[in-house]
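Take a look at the structure set out below.
The values are calculated or read from the model by the stated rules, or taken from the named source; none is laboratory data. Quick caveat, the model's predicted, so the values are computed rather than measured. When we count neighbours, we look across all protein chains shown, and the Cβ atoms used for this are built from the backbone with ideal geometry, even at glycine.
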Amino acid sequence: MRRGCHGAVKRGFAWGSPARPPVAPRRGRWSAALCGMIVAFCCGTPALAAQVFHSPNDDGQPPAGPPEVPEGGVQSVFLYIDGGAVASAAETACDTGAGDEVCGYTLTLTGLGGLTLTGFLPDDGANLLHDTTALELRVNGLDTGAPTPGPKRIGRLLFTTVAGSTLELSSGEVVGADLSSEILPVAEIVTVPEPAIWLQLASATALLAGLGRRRAKRCTP
């Protein structure tokens, strides 16, 4: 302890006092971050970002979200897989390609909440094997000849529904143009709303129609 010019007490380390504890180096944290940046710059991130979906119009266009299908009767899902729109250089797809071609896949779709699978009709041009039970569809597809990017039709899945049931992609793996693989996340393919939702929609429609008729009567001279 020592005094300053105006008698104020200054605290510090005097000669002979214990040394200040060393500050832990941050070199490890910075090194890890730098290595990560170098790997990302040199290797990039995989181009493949495949999705499996139901195309309601059977035209390969993905919906904005899981489509809703009504309860009861036999329903259809037009099943597609799409890795993206970028093409690899000539004759490199399914070898060293850098595009979005899908060279192979294995998928499992599961009916939940009472949704029952009744059949699967594979696309005529699809090279695949499939196994269908009342609860699951398993599909293994292969396309190593001359695959093209964009949506590929897998087939048409038939099923019956009950209120609140769901068709889900429960597992999936896709092999891309450079033969790397991507695990697909669990995702809903279609859903069946609860009856209350349909009743609410019908009630809202009837209410709007009634209000429209009343306005028309008031405006009539």
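Thr220 meets all of the listed conditions (1) at pLDDT below 75; (2) closer than 30 Å to Thr116 by Cβ; (3) hydroxyl-bearing (Ser, Thr, Tyr) but one, namely (2). Scanning segment 167-181 for residues that are in contact (Cβ under 8 Å) with a residue 12 or more places away in the chain, within 11 Å of Gly104 (Cβ to Cβ) and not aliphatic (A, V, I, L, M) returns Glu173, Gly176.
In segment 64-82, of all residues being crowded, with 17+ Cβ neighbours inside 10 Å and in a strand (DSSP E or B), the one that is farthest from the chain's Cα centre (by Cα) corresponds to Gln75. Across segment 67-105, the number of residues qualifying as touching a His at 6+ places or on another chain (Cβ under 8 Å) and not hydroxyl-bearing (Ser, Thr, Tyr) comes to 4.
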